[in-house]
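Sending over a structure as C-alpha cells; questions will come in a sec.
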Amino acid sequence: MGGFECSTHRTARGVRLDLVHSTQHDRFVIQDYRRLLAQGINTVREGLRWHLIETAPGCYDFSSVRPMVQAAQELGIQIIWDLCHYGWPDDLDIFKPAFVDRFYRFSLAFAELLAQRGDTAPLVCPVNEISFFAWAGGDQGFISPHARGRGHELKLQLVRAAIAGIEAVWTVNPRTRIVQIDPVINIIADPARPQDRAEVEAYRQAQYQGWDMLTGRMCPELGGKEKYLDLLGVNYYDRNQWVHNQDPLFRKDPLYRPFREILQEVYARYGRTMFVAETGTEDAARPDWFAYVCDEVQAAIAQGVPLVGICLYPIVNHPGWDDDRHCHNGLWDYPGPQGDRPIYAPLAAELQRQRGLFV
C-alpha cells in the first residue's frame, strides 16, 4: 500500500497545512496512481480536506475529491479514505457538540458521493490516529487545536465524532468497511528506576484507550460498540519505542521489543484483521527499515496474526509540517513540471524484493 500525506491542521504559527497540495498530488493524481501500479501497489490511503469541502456550514464542494475518485475508478485503485486527518473548518470549535453534528453530516455527504459514483464497498477511516491526535493537539499543543491539559477531553470528543461518522456512512451504505488507525508504541521504565515500572506501564497501556472507547470497553457512555472496531491499522515508525522520558530506542538496543510482539499483543487484545497503516523513515535508512518491518510482519503472520498489508507512508516526499524542510521519506520525490517524480531506487529495489517474499 502507499499513503499520501494529507494533513490539514494549522501549525502553531496559524498556517493552514495542505500536504496534498504542497506535494502536488492533487495536480498529478493520475500520474501518481500510475506510478503506484507500476510498482505493484494498488491500494492507497487518501485524506479528505474538510476545510476545502465544507466551504460554509452544510455546503459541500467535493471538487478537491472527485479527481481522486475518478482516477481510482479508471485505474482500479482501492482507496482507504481518512475523513478527518487533523483538520476541520475554521468556524468549528472541536470541543463543542456542533463539531460532532457537523462531522456526521459531512461524513453522510461524502458517503452519498461515493454511492453516486458506484463505490459499493468503500474503506473509510473516520478519524485518523485518535490517540495521537488527542496527545498532540490536546496535551502537547503542537497541532490543532493547540491545547494543553485537555488530551483526555479531546480523545472523548474524537471518539464521539468517529462513532457519528461511522453511523453516517453506514446509513448510506452498510457495506462500508471501517478502518481504525492509531500508532502502536512501546515504553519501558529505565532499568535503573524500577520504581517507575507501574507508572510507565499505565502510560504504555494508554495507547489503547481510543480503540477501547470505540468498542465500549472504556467510557461506555460514549456509545462505543465492538462493531465500530472493524479493520485495525497500526502505525509504526523507528521512533515508536523509548525509555520513559528519554530518547527513542533503536533496533540494536537490547531493550528494543521486536515489532512482531507488538503486533501479537494488539491481535490478542482485539482479535481483528490488521494491517500496517503507516511505516517509513528518512534518507538512506529507508530500505533497511522497510525490510525490518516486512520481516517482522512475516514473523507475526507465521504466528497466526491476520495481517493483510503494509503501507509505505508517506509514499512521496513532502515539506515538514513546521519548517517546510524537504523530508526525504517517500518512494518518490517532488514532481517536475510535467508530473514526473524521481524514484528512490534503493527503496524501490527493496519493495520489489519484499513483493517476491509475500506470496
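Laboratory data are not the source of any read-out in this text; all were calculated from the coordinates shown. In this text, all values refer to a predicted model and were calculated from it rather than measured experimentally. With ideal geometry, Cβ positions are generated from the backbone for all residues, glycine too; neighbour counts draw on all protein chains shown.
So for Tyr203, Tyr104, fewest C-beta neighbours within 10 Å to most, what's the order?
Tyr203, Tyr104
Computed FRET efficiency, Cβ-Cβ of Arg355 and Phe95, R0 56 Å: what is it to the nearest 0.05?
Approximately 0.80, to the nearest 0.05.
Can you pull the Kirkwood radius for the stretch 1-143, inverse mean 1/r over Cα pairs, to one decimal in Å?
On the way: mean 1/r = 0.0631 Å⁻¹.
Evaluated on the stretch 1-143, it is 15.9 Å.
Largest first and in whole Å, what are the equivalent-ellipsoid semi-axes of the stretch 162-245 based on the Cα gyration tensor, each being the root of 5 times an eigenvalue? Numbers along the way, then the final one.
Details: eigenvalues 215, 44, 9 Å².
One finds semi-axes of 33, 15, 7 Å for the stretch 162-245.
Ordered by packing density, taken as the mean number of other Cβ atoms within 10 Å over each peptide's residues, highest first, how do 39-48, 57-66, 171-180 rank?
Going from most to least packed, we get 39-48, 171-180, 57-66.
Let me ask something else. Give me log10 I(q)/I(0) at q = 0.11, 0.14, 0.15 Å⁻¹ for the stretch 81-203, Debye formula, one equal scatterer per alpha-carbon, no solvent.
Debye curve over Cα of the stretch 81-203, log10 I(q)/I(0) at q = 0.11, 0.14, 0.15 Å⁻¹: -0.45, -0.66, -0.73.
Something else now. Amide H neighbours of His318 under 5 Å, at least 5 residues apart or on other chains, H built in the peptide plane: list them.
When sequence neighbours closer than 5 places are left aside, the close amide H contacts are Cys327, Asn329.
Just to confirm a number: summing +1 for Lys and Arg and -1 for Asp and Glu over residues other than Arg117 whose beta-carbon lies under 13 angstrom from that of Arg117, what do you get?
Counting the neighbours of Arg117, the net charge comes to -2.
Mind sorting Leu52, Leu331, Leu222 by how few other Cβ atoms lie within 10 Å of their own Cβ, fewest first?
Details: Leu52 20, Leu331 25, Leu222 16.
Fewest-to-most ranking of Leu52, Leu331, Leu222: Leu222, Leu52, Leu331.
Okay, moving on. Tell me the Kirkwood radius of the stretch 2-357: reciprocal of the mean inverse pair distance over distinct alpha-carbon atoms, in Å.
Its Kirkwood hydrodynamic radius stands at 20.9 Å.
Summing -39500 (n - 2.57) over the DSSP H runs of n ≥ 4 in the chain and dividing by its residue number, what mean residue ellipticity at 222 nm do you reach, to the nearest 500 deg cm²/dmol?
-11000 deg cm²/dmol
So how much slack lies between Arg66 and Asn173, counting 0.36 nm per residue of separation and subtracting their Cα-Cα distance, in nm?
Here the answer is 36.6 nm.
Please enumerate, by chain and number, the aspartates and glutamates with C-alpha under 13 Å from the C-alpha of Lys227, excluding those fewer than 8 residues away in the same chain.
Within reach: Glu167, Asp212.
Amide H to amide H under 5 Å from Asp82: which residues, 5+ apart in sequence or cross-chain, H placed 1.01 Å off N in plane?
Glu46, Gly47, Leu48, Cys125
Determine which aspartates and glutamates satisfy two conditions relative to Lys96: a Cα distance under 15 Å, and not lying fewer than 8 residues away in the same chain.
Glu153
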